[in-house]
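Take a look at the structure below.
What follows is calculated from the coordinates using simple rules that are stated; it is not laboratory data. Source: prediction; values computed, not measured. All Cβ positions, glycine included, derive from the backbone under ideal geometry; neighbour counts span all protein chains shown.
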Amino acid sequence: MSARTHLHRLLVAIGSVALLGLTACGGDDSSDEANASSASVVDDPMMDAEEPEVSLPATTPTELVITDITEGDGEGAKSGDTIFVNYVGVLAEDGTRFDGNFGRSPFAVTLGVGAVIEGWDTGLVGMKVGGRRQLDIPADLAYGDTGAGETIKPGAALSFVIDAVAIVPATDAADKPAVTIEGAANVDAVETDDLVDGDGAEAAAGMTVALHLVAFRADTGEEITGTWEQGAPVTFELVEGGTLPGLLEGIPGMKVGGRRQIRIPFADAWGTDGQQAIGLPAETDIVVVIDLLAAF
């Protein structure tokens, strides 16, 4: 997927942090990534060297058991927050591994919206960044009498070890920035203006960022799309092909909590064709106002 296609998906299909895998309703199997992270049979799991072992409970859990192995720092995750995690899951009965993502990109979970099994939705509340937690989950808080795939049989209890990589606090559409963009002629290079200085982690090339954005036509100042109303932040990697070249250039140096206005020449956005699906004409620059929520 090209950078331009990727951000088109971010802006048009807003909410690219898809809650794939471990879903209460079976998940979205529309991509290889979804299939790779869903709670299904792992025929030949690539066991990352840093993947932790799961200590099996002495007896099959009949209620949710939460064990903090490492506490972590900062405020705990709350309902509405999006928590990015690495995890490994096994059957509580015999330790059969069925899923995990250590060695891959963190998995995003928005708490309290019913997008994951209830044992996760409840069990991840209170986790802190840098924390490691084990969840021993009874069947009725996992996949119940239905099961999932060939490995997770009906009535199976599950055990997970989960690391919290980052937490993005719940956002409110009312906090969307009120920014007026004056129409102007095209420019030849990316221009940035920090509207609010952040005080958190600094974004750098190669990192993953979570953010909200509002996008405008640069020639008229007309708002054309954004993410605030959707609720969930968008997430992508600051690597070549991970987003528009203009964002890849304009975001590094921002700190979490900051707000930056980035003017992107059309050559570093969608090129001469523009992006008609979001109302951006051919050969038209774009202005994006970004609120940086996490960088890791």
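Dividing the alpha-carbon radius of gyration of segment 93-178 by 2.2 N^0.38 Å (N being the number of residues), what value is obtained? Walk me through the numbers on the way to the answer.
Working: Rg = 15.2 Å, N = 86, 2.2 N^0.38 = 12.0 Å.
That works out to 1.27 for segment 93-178.
For M127, M207, what's the fewest-to-most ordering of other Cβ within 10 Å of each Cβ?
Values: M127 25, M207 16.
Arranged by neighbour count, lowest to highest, M127, M207 become M207, M127.
Counting Lys +1, Arg +1, Asp -1, Glu -1, what net charge surrounds A157 among other residues with beta carbon under 10 Å of its beta carbon?
Details: positive: none; negative: E93, D136, D140.
Here the count lands on -3.
Using the Karplus curve 6.51 cos²θ - 1.76 cosθ + 1.60 with θ = phi - 60°, what ³J(HN,Hα) values do you get for each residue of segment 100-111, in whole Hz, with x for Gly and Pro?
Values, residue by residue: x, 9, 4, x, 10, 5, x, 9, 9, 10, 8, 6 Hz.
Counting alpha carbon pairs within less than 8 Å and at least 6 residues apart, what relative contact order, in whole percent, applies to segment 39-168?
Working: 315 pairs, mean separation 46.3, N = 130.
The normalised contact order for segment 39-168 reaches 36 percent.
What's the center-to-center distance, using Cα atoms, between segment 258-296 and segment 95-114 in Å?
31
Hey, if you put +1 on the Cβ of every Lys and Arg and -1 on every Asp and Glu Cβ in segment 39-168, which of I167, Y143, N101 ends up farthest toward the positive end of that dipole?
I167
Between I278 and E53, with labels modelled 7 Å along Cα→Cβ, what's the label distance in nm to one decimal, could you check?
For I278 paired with E53, the spin-label model returns 4.8 nm.
Take D81, D197 and order them by how many other Cβ atoms sit within 10 Å, fewest up front. Walk me through the numbers on the way to the answer.
On the way: D81 20, D197 11.
In increasing order of surrounding Cβ atoms, one gets D197, D81.
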